[in-house]
1. When you scan the stretch 266-286, how many residues do you find that are of a type in the set (Phe, Trp, Tyr) and out of contact with any helix residue (DSSP H, G or I) (no Cβ under 8 Å at 6 or more places or on another chain)?
2. Give the stretch 256-272 a look and list any residue that's surrounded by fewer than 18 Cβ atoms within 10 Å (Cβ to Cβ) and either under 20 Å from Gly128 (Cα atoms) or touching a residue at least 40 places away in the same chain (Cβ under 8 Å) (or both), or say none.
3. Would you mind stating whether Gln112 is outside any strand (DSSP E or B) and either of a type in the set (D, E, K, R) or without any contact (Cβ under 8 Å) to a residue 40 or more places away in the chain (or both)?
4. Take the residues in the stretch 117-136 that are more than 17 Å from Leu206 (Cβ to Cβ) and not small (Gly, Ala, Ser), then tell me which one is surrounded by the fewest Cβ atoms within 10 Å (Cβ to Cβ).
5. Which one is surrounded by the most Cβ atoms within 10 Å (Cβ to Cβ), of the residues in the stretch 137-174 that are β-branched (Val, Ile, Thr) and touching a residue at least 60 places away in the same chain (Cβ under 8 Å)?
6. Please enumerate the residues belonging to the stretch 205-234 that are crowded, with 20+ Cβ neighbours inside 10 Å, of a type outside the set (A, V, I, L, M, F, W, C) and over 17 Å from Arg151 (Cβ atoms).
7. Report, by residue number, each residue of the stretch 105-116 that is farther than 11 Å from Ile269 by Cα and out of contact with any strand residue (DSSP E or B) (no Cβ under 8 Å at 6 or more places or on another chain).
8. May I ask you to verify whether Ile146 is in the same structural domain as Phe185 (by TED's automatic domain parsing) and part of a helix (DSSP H, G or I)?
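The values are calculated or read from the model by the stated rules, or taken from the named source; none is laboratory data. Remember, it's a predicted structure, so these values are computed and weren't measured experimentally. Cβ atoms come from the backbone with ideal geometry, glycine included; neighbour counts cover every protein chain shown.
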Amino acid sequence: MYSRTVRVTPLARFARSRNLARVRFASGRPSPPSPSQGKILAALGLLAIGTTIVASVYNKSHPMPMVEPAKNPAAFNKEAASGKPLKKPTFSPDEVTVVFVLGGPGSGKGTQCAKLVAEKGFVHLSAGDLLRAEQKREGSKYGGLIAECIREGTIVPQEVTVALLEQAITEEHKKGNSRFLVDGFPRKMDQALVFEEQIVPSAFTLFFECPEQVMLDRLLQRGKTSGRTDDNIDSIRKRFRTFVDTSMPVVDYFDKKGKVVKLSCDQPIDSVYGEVKAALEKKGVV
C-alpha cells in the first residue's frame, strides 16, 4: 500500500484553531450566536472550504512521490553492511575468461594482442578503441567528455568505460566467444574493482614493462601516420605521468594477489610474443 501525505495550508489550520466557532453554554443549554458572530462563523466556514478545495486540487496535480517498501529490509542492510556487491557479476569465470593487458603508452600491448587474436582466437577489446568509437558515434552523450579526456591525457570516468566493455563482451559472448584480452584497462583501482564486481573477475593481468624513452620514441614514430590527437609530445608525457600515478597501483594490487605476469618489451616483437605465449600456456588459457 502506498500512502500520500496530505498538505494542510496555514489558512486551514487557522480556521480550525479559532475558538470563534465554539458557542458558550449557559445553564446547560447553548446560547445562540449573535448576528455578528454568525457572520464571522459563515465567513470562516467558507474560507475553510475554499482552502480545502485548493489543497485537494494541488495535491492531485503535485502528488507526493511514492516509495515502495523494501521486500526484505533486514537482508538488504546485512548485505550492504558486509561490503559485498549487491549485484552478482554478469558472467562467471566459467563462462568467460578475461585477461587484463596493461603497460605504458607505446609498450606494444596492441601489437601483442593482435598476434594472439590471429593465432589463438582471442577477442581483443581495446578500451581506447571503444572510447574513440563512442566519441565518434552520432548522438553520443559522452562524446565531448571522451574527446576532452583523450586530448588532456586524463582517464575517462569508469562508468563510461565499464559500460562499453560490458556491452562489447556481452555481444561477443552471444556469438560464442568466451576468451577476451582487455587492452589498456583497468587504468584505475575503481575501474578494476567495479569491473570485477559487475562483469566478471579477471583471470590474471599481462603487464608489459618498457623504458619510458623507448615508449616515447615508438609513439612519436607512430604519430607520423596514426592521425591520433594524443600522439604528440605533450599528450604523451601526460599519459606517462597518468599511467605511473593511477595505473601502477592497479598492477601492484593484482601482483599482491599473484595475478600478474610481467613481460619485458625492450626486445624484438617476436621475442616478446614467445614470452606471452609461454605465460598463457602456463596459466592454462591457450
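1. Final tally of qualifying residues: 0.
2. Of everything in the stretch 256-272, those that are surrounded by fewer than 18 Cβ atoms within 10 Å (Cβ to Cβ) and either under 20 Å from Gly128 (Cα atoms) or touching a residue at least 40 places away in the same chain (Cβ under 8 Å) (or both) turn out to be Lys259, Lys262, Ser264, Asp266, Ile269.
3. no
4. Lys136
5. Ile169
6. Thr205, the sole residue that qualifies.
7. Pro105, Gly106
8. Yes: the conditions hold for Ile146.
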